[in-house]
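Peer 1: I have a structure I would like to understand better, so I am pasting it below and will then ask my questions one at a time.
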Amino acid sequence: MKVKKFIQPNGHNQERKLPSVAMVFNGKVIENEIEGYRTLTVSGRENIDFRTSTAPESNEILTKDLNARVIRVTYEMSAEENNEFQEKYRLLTRLLVTDADVSIEFMDDPNVSYKGQVTHINEIQPTSNIVIGAFEIYCASPWKEEKATVIKGNPMKIRLKSGYDTKPNQIKLVVKENTNRLTVRNATTGRRIVLSGDYEEDDVIIVRIANNLITKNNQNIMHELNFTETDFHKFLLTGNDDIDAVPSSTELEMIVKARWL
């Protein structure tokens, strides 16, 4: 079967513009990768769902945790011939199917991103020159993250507009005097990260809490974390924090992403 060529309702081909809800998936705008593809609707970005447990007699909520987020994207895709459509569909599948979570953004909300991967692609029926399809993106974490902000200074002030607690994406220390102890302190909460070892001038220490990793000059020194004095995985930024590092000569830099629901 030959698929009819699509003509705009006014009888003229019109210059294609990106829809406001166009998606940037793993760094690529699908409309720019596949001619004839267009995002129609996106749902699930505003949805917030909790799982709860309640007391058996009073039904009082005992625990409340966030569920994963599922984003559903509906699209249309057009082609002049059946074989051309199949080629486009294979390309779409190649773009969408990943082995790990990727970054996802939408044109109408460019300041935040999601992390997830496609877990379901709907069956479609290519019976005309325009086919409507849909796929679902599973985001294990429902949080939306703002673009990274780099903050420098010792001491430094952290001011997050969202007000939600978050972990710094990266803490960087540049040693400026020989010492056997380094401390990063959140003066607002009292929580600290303490390292015990031999540190010399110009050593570069990188702390990535989410990755459970600390390096000195690109070498793993996680064993130098002083666990008895450190609040490593509880070292949160609460939205209005004063941070410093000891020794005071240490250069301090943080990469922070505010998060939203």
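The values are calculated or read from the model by the stated rules, or taken from the named source; none is laboratory data. On a predicted model such as this, the values are computed, not experimentally measured, just so you know. All Cβ positions, even for glycine, are placed from backbone atoms using ideal geometry, and neighbour counts span all protein chains on display. What goes into the accessible areas is simple: the full protein's heavy atoms, side chains included, and nothing from ligands, DNA or RNA. Shrake-Rupley method; radii C 1.70, N 1.55, O 1.52, S 1.80 Å.
Peer 1: Measure nothing fancy, just the Cα-based angle from helix 82-96's long axis to the longest principal axis of the chain, in degrees from 0 to 90, nearest 10.
Peer 2: 10
Peer 1: With contacts defined as alpha carbon pairs under 8 Å and 6 or more residues apart, what's the relative contact order of the chain in percent?
Peer 2: 19
Peer 1: Rolling a 1.4 angstrom probe over the protein heavy atoms, how many square angstrom per residue are accessible across segment 91-231?
Peer 2: Dividing the accessible area of segment 91-231 by its residue count gives 54 Å².
Peer 1: Please give, to one decimal in nm, the separation of the simple spin-label points placed at Ser20 and Asp242, each 7 Å out from Cα toward the Cβ.
Peer 2: 4.4
Peer 1: Which value, in Å² and to the nearest 10, is the accessible area of Arg159 when all protein chains are kept and the probe is 1.4 Å?
Peer 2: Estimated to the nearest 10 Å², Arg159 gives 120 Å².
Peer 1: Continuing with the same structure: Calculate for the chain the 222 nm mean residue ellipticity that helices alone would give, adding -39,500 (n - 2.57) per DSSP H run of length 4 or more and normalising by residue count, nearest 500 deg cm²/dmol.
Peer 2: Taken over the chain, the calculation gives -2000 deg cm²/dmol.
Peer 1: Roll a 1.4 Å probe over the protein heavy atoms and report the accessible area of Trp143 in Å², nearest 10.
Peer 2: 50
Peer 1: While we're looking at this one, here's another question. Quick check: at a probe of 1.4 Å, how many percent of the accessible area of the chain sits on carbon and sulfur atoms?
Peer 2: Accessible surface attributable to carbon and sulfur in the chain totals 45 percent.
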